[in-house]
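These notes are about the structure you will find just below.
The values are calculated or read from the model by the stated rules, or taken from the named source; none is laboratory data. This one's a predicted model, so the numbers in the text were calculated from it and none came from an experiment. All Cβ positions, glycine included, derive from the backbone under ideal geometry; neighbour counts span all protein chains shown. Ligands, DNA and RNA are excluded from the accessible area calculation, which covers all protein heavy atoms including side chains. Shrake-Rupley method; radii C 1.70, N 1.55, O 1.52, S 1.80 Å.
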Amino acid sequence: MNYKDLADLIFPEAKPIEYYEEKYPERDLPEGAKVVRFAPSPTGFVHIGGLYQSIINNTIARQTGGVFILRIEDTDQKRLIENGVIQIVNSLKDFNINFDEGMINDNESKGDYGPYKQSDRKEIYQAYAKYLIEQGRAYPCFATPEELEQMRAKQEAAKIRTGYYGVWAKYRNLSVDDAIEKIKNGEPYIVRFRSMGNEEKKIKHHDVIKGNIDFPENDQDIVIIKADGLPTYHFAHAVDDHLMRVNLVIRADEWVSSVPLHIELFKSLGFKPPKYAHTASIMKDDNGKKRKISKRKDPEAAVSYYHEEGIPSDAVYEYLLNIANSNFESWRRGNPDKDINEFKFELNKMSVSGAIFDMVKLLDVSKNVISKYSKESIYDETLSWAKRYDEDFAKLLEDNKEFSLKVFGIERGGNKPRKDIAKWSDVKESIEYMYDNLFMDKDIDYVYAKIDDKSEIKNILSLYIEKYFDINDDKQTWFDKIKDLAEETGYAREVKEYKKDPDNWKGHVGDISTVIRVALTGRQNTPDMYEIMQVLGEASVIERIKRAIEK
Ligand code: GLU
């Protein structure tokens, strides 16, 4: 009996590998086009790291005229959840990530290189495992879990490398005849790779991000087909990335130590290995200590967090690209209005030690991104957020649509748009004083800053509405009148004037504006007060100031 008989006994139905090589031909793509993939396990949780990987893959595929594939790695059947795929697809779609090929929901896919779900590729893996057995590069292993446990304990006690290799690989040298007999007797087994590597020898590898790395060769006889007939990650990686004609594997750097094994697998299967780019994890600064961002400790590790907070997905996208590539920030500074897709991403400009995730910075990026939105988009986005997370606020926006659009239009659209909104969940806080029914019902604690004498405040406000306020004034006239009011009450018309001779004045025009602003809004800082008055209208301005006078 020979290897071929053993292979036929184990995988009698498997097709010859030529069948698949023909079915999935080399792709006809322009020079330099990258075929990349995102390959998550559908565990019901999209991690920020997965989004980060997807953004990088997406950018590289678009930039090179390549292909971006979504492959679902569901060979660990214990960890699966229902609707896991659709959750991934939808989460990423929210961030404008659309795949060229791959799964589109739990059961359907698009593209000619599928199936794109590993559990549907069983016969393909078995064909390649059969080929390896025929070549003498894979074999059935009958070790029981107890046997493996004992082996491990011995290795640990002797302080030597753990694993199934060399002299420890008990079934590696079992004769074909003995193996066939065991199988015929119904003994359970799995299929292992027969490594030809030598731990003492080094391989040189060039990683697109990490640069040149030396590794010891692989010598582990890893499992390739498990007892349930499904492949392990390593084997599936080689078969899938080869047959999907992936030429650049971008993945998390937890896999970098598997490179020697993967290269050996590719070569023994007769495949050309892809290029690898191992991305460092996103890190957090935890009181001065750098650590990986964690699903357990950091709410922002879950992609769903950004939705709940109402941080727009284009802001998150831009921020992640920003931390992914060190030259993004200066590009953005030079090109504030350019489409993000025009940025030229370079994998070799990625951080090797892991970029730090900084929420303050993200919110800053978000403020900039939102400042470019039209008032209609702000209205729509805020409303759609509020419908999910704040029904009262949603109703307020819907009942007052025209008015709300005016509120969102304040200081927007010009060349210095307001930058006070970082997330949709902030909007209510930032604009609620504009709505008479909310503002007038609320007990306001007026804090007037510099001027705090009650009768002085009363005098300023009364004079303002009696003598100076006219809703029909243009902005210049309106402001001149506030200056007139300042002068009449003993304050300098200009800050400059006041600074020249502070003893001569009670204060300056800014102090007067603040009194009016606080009376009008209950706040010392607001967007442009002229625009606020225009949106509120005459009656509301007078009513608000009168109330402040009474207090
Ligand atoms: N399913 C693997 C993971 O989620 C994929 C790694 C890879 O991209 O090759 O870690």
* Would you grab the residues whose amide H sits under 5 Å from the one on Val35? Only those 5+ places off in sequence or on another chain, please, with H modelled 1.01 Å from N. => Val67, Asn247, Leu248
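Which of the peptides 372-378, 125-131, 303-309, 145-151 is most tightly packed, and how do the rest follow, judged by the mean count of other Cβ atoms within 10 Å per residue?
Numbers: 372-378: 15.4, 125-131: 23.7, 303-309: 17.9, 145-151: 11.9.
Ranking the peptides 372-378, 125-131, 303-309, 145-151 by packing returns 125-131, 303-309, 372-378, 145-151.
With Rg and the Kirkwood Rh both taken from Cα atoms, where does Rg over Rh land for segment 117-161?
Values: Rg = 15.8 Å, Rh = 13.1 Å.
So for segment 117-161, dividing Rg by the Kirkwood Rh gives 1.20.
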* How far is the Cα center of segment 70-102 from the Cα center of segment 333-363, in Å? -> 25 Å
* To do: Would you mind listing how long segment 161-264 runs along its three principal axes, going by Cα atoms, in whole Å with the largest first?
  => 50, 33, 19
* For segment 388-448, state the semi-axes of the equivalent ellipsoid (square roots of 5 times the eigenvalues of the alpha-carbon gyration tensor), sorted largest first and rounded to whole angstrom. => 20, 17, 12
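Quick one: net charge around His205, please, counting Lys, Arg +1 and Asp, Glu -1 for every other residue with C-beta under 15 Å from its C-beta.
+3
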* Quick one: compute the contact order of segment 417-497, relative version, from alpha carbon pairs under 8 angstrom and 6+ residues apart, as a percent. => 15 percent
* To do: For Lys458 and Ala158, calculate 0.36 nm times their separation in residues minus their Cα-Cα distance, and state this gained length in nm to one decimal.
  => 99.3 nm
* Between the alpha-carbon centers of segment 111-178 and segment 261-301, tell me the distance in whole angstrom. => 24 Å
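Efficiency by 1/(1 + (r/R0)^6): what FRET value for Glu18 and Tyr233, r their Cβ-Cβ distance, R0 = 30 Å, to the nearest 0.05?
Working: r = 26 Å, r/R0 = 0.85.
For Glu18 and Tyr233, the calculated efficiency is 0.70.
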* Structure fact -> For 386-395, 114-123, ranked highest to lowest by mean beta-carbon neighbours within 10 Å, the order is 114-123, 386-395
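Leaving out ligands and nucleic acids, note down the accessible area per residue over the chain with a 1.4 angstrom probe, in whole Å².
Details: 27070 Å² over 551 residues.
Computed with neighbouring chains in place, this is 49 Å² per residue.
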* Please give the helix 509-521 orientation as an angle from the longest Cα principal axis of the chain, in degrees from 0 to 90, rounded to the nearest 10. => 70 degrees
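List the GluC sites (Glu not before Pro) within segment 453-551 that fall in a DSSP loop (any state other than H, G, I, E or B) and whose Cβ has at most 15 other Cβ atoms within 10 Å. Let's see the in-between values first.
Values: sites: Glu456, Glu466, Glu487, Glu488, Glu494, Glu497, Glu531, Glu538, Glu543, Glu550; in loops: Glu494.
Of the GluC sites (Glu not before Pro), the ones in loops of segment 453-551 whose Cβ has at most 15 other Cβ atoms within 10 Å are Glu494.
Please state, rounded to one decimal and in Å, the Kirkwood hydrodynamic radius that the chain gives when every pair of distinct Cα atoms enters the mean of 1/r. Walk me through the numbers before you get to the answer.
On the way: mean 1/r = 0.0351 Å⁻¹.
With all distinct Cα pairs of the chain included, I get 28.5 Å.
Rounded to the nearest 0.05, what FRET efficiency do Glu494 and Asp399 have when you use their Cβ-Cβ distance and R0 = 60 Å? Mind dumping the intermediate values first?
Details: r = 43 Å, r/R0 = 0.71.
The formula returns an efficiency of 0.90 here.
Relative contact order for the chain using alpha-carbon pairs under 8 Å, separation at least 6, rounded to a whole percent? List each step's numbers first, then the result.
Details: 788 pairs, mean separation 62.2, N = 551.
With pairs under 8 Å counted, the relative contact order is 11 percent.
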* To do: Using R₀ = 45 Å, calculate the FRET efficiency as 1/(1 + (r/R₀)^6) where r is the Cβ-Cβ separation of Lys481 and Ser374; round to 0.05.
  => 0.90
* **Packing rank of 258-264, 293-299, 517-523, 471-477, where each peptide gets the mean count of other beta carbons within 10 Å, highest leading** => 258-264, 517-523, 293-299, 471-477
* Of all the accessible heavy-atom surface of segment 84-224, with the other protein chains kept in place and a 1.4 Å probe, what percent is carbon and sulfur? -> 46 percent
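Could you calculate the contour length gain from Met440 to Arg245, that is, 0.36 nm times the residue separation minus the distance between their Cα atoms, to one decimal place in nm?
Values: separation 195, 0.36 × 195 = 70.20 nm, distance 6.54 nm.
Contour length minus Cα-Cα distance gives 63.7 nm.
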* Exposure rank, largest accessible area first [Val249, Val352, Val223; 1.4 Å] -> Val352, Val223, Val249
* Quick one: how many Å² of Val167 are accessible to a 1.4 Å probe, rounded to 10? -> 140 Å²
* In segment 328-468, carbon and sulfur make up what percent of the accessible area (probe 1.4 Å)? -> 47 percent
